[in-house]
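Take a look at the structure set out below.
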Amino acid sequence: MHEPSRRIPYRTWPGALAVLLAIAAYVGGLTFWDRHTPGARPLALAAGETIDAGQARFVPAEGWKMDVARSKAGRSLMLLKGGHKFRVTTQPWAGGPDGPLVRQQRLMERGQGLTIDGDVSDFVTSWGLQGKTFAYYGSKLAGRFWQVVDMRRKSLVQIDFYGPNEGLDGALAEARGMLDSMDIEAPQE
C-alpha cells in the first residue's frame, strides 16, 4: 500500500497578522479622522452676506456655525450656537396654504413629547415674508417653529429654532433677526 504524501506545512500566521493589521489601521484611521474633523464649521461669510438653503436665503447672525452632518445641499441648513439650533428646510409643495403645519405639531407632541405653547399665529417679516408660527417647549428645551408656504412658486420653507432654556432669549432674538433677513427669491436648483 501506498502511504499518503506528506504535505509540507506552511505558516499562516503572517498572512493573518497582515489582514488584522490592515483592519486595525483602517478602523483606527476612520476613528482618528472622525475625532479630528469638526462637525460644525464657522461660516466664512463677510458681514451682511447671505447664505442659501434651497430657495431660501438669509443673513446668518454673528457666531453661528454650520452643522455639516445635518445640512443637505439645496434642501436644508442647520446652524449651531452653543446648544441652540436654527434649521431651515425647503421643499416643493403642491398642497394648500397651511402646508404640513398640523402634521408638524402632531409630530412634536406625540413623537417628541413636546408641548405646543398657545395657538398658531401669523407672522410677517420686514421683507414681506409671511406665514404661520408657534412656540413649543419640553422638559429640557424650548423653541419656535415658522412655516412659509409660497403657493405661486409651489415651495415650502420651514424654520425650526430650539435649544436649552439657558440663553434662549438672546438666541431667539438672533433667530428672529435671521428670519427677518430671509427671502425666498433664490432660484431653485
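Structural remarks
- Contact order for region 40-180, expressed relative to its length and based on alpha carbon pairs under 8 Å spaced 6+ residues apart, stands at 22 percent.
- Rounded D (µm²/s) - the chain, Kirkwood Rh over Cα pairs, Stokes-Einstein at 4 °C, 1.567 mPa s: 66
- Nitroxide proxy distance, nm - points 7 Å out along Cα→Cβ at Ala73 and Arg103: 2.7
- The relative contact order of region 98-189 comes to 21 percent, based on Cα pairs under 8 Å that sit 6 or more residues apart.
- Where labels lie 7 Å past Cα in the beta-carbon direction, separation of Asp52 and His36 in nm: 3.4
- A DSSP coil position with no more than 15 other Cβ atoms inside 10 Å describes the following chymotrypsin sites (Phe, Trp or Tyr not before Pro) in region 123-183: Trp127.
- Mean ellipticity per residue at 222 nm, deg cm²/dmol - from DSSP H runs of n ≥ 4 across the chain, formula -39500 (n - 2.57): -7500 deg cm²/dmol
- Principal-axis tilt of helix 168-180 within the chain, Cα atoms, nearest 10 degrees: 80
- Summary value for region 57-114: 19 percent relative contact order, contacts being C-alpha pairs under 8 angstrom separated by 6+ residues.
- Under 19 Å from the Cα of Lys154 - lysines, other chains or at least 8 residues apart: Lys132
- Ranking of Val157, Val59, Val88 by count of other Cβ atoms within 10 Å, fewest first: Val59, Val157, Val88
- Around Arg70: net Lys/Arg minus Asp/Glu count, Cβ-Cβ under 9 Å: +2
- Per-residue Karplus couplings for region 118-131, computed as 6.51 cos²θ - 1.76 cosθ + 1.60 with θ equal to phi - 60°, are listed in order as x, 9, 5, 10, 8, 9, 9, 8, 5, 7, x, 6, 9, x Hz, Gly and Pro entered as x.
- Cross-link reach list, lysines versus Lys140, counting only Cα pairs under 18 Å and skipping chain neighbours closer than eight places: Lys81, Lys85
- Inter-label distance, nm, simple model (7 Å from Cα along the C-beta direction), Arg153/Asn165: 3.8
Readers should treat all values here as calculations from the given coordinates under stated rules, not as data from a laboratory. Bear in mind the structure is a predicted one, so any value in this text is a computation, not a measurement. Ideal geometry is used to build each Cβ from the backbone, glycine not excepted, and the neighbour counts take in all protein chains shown.
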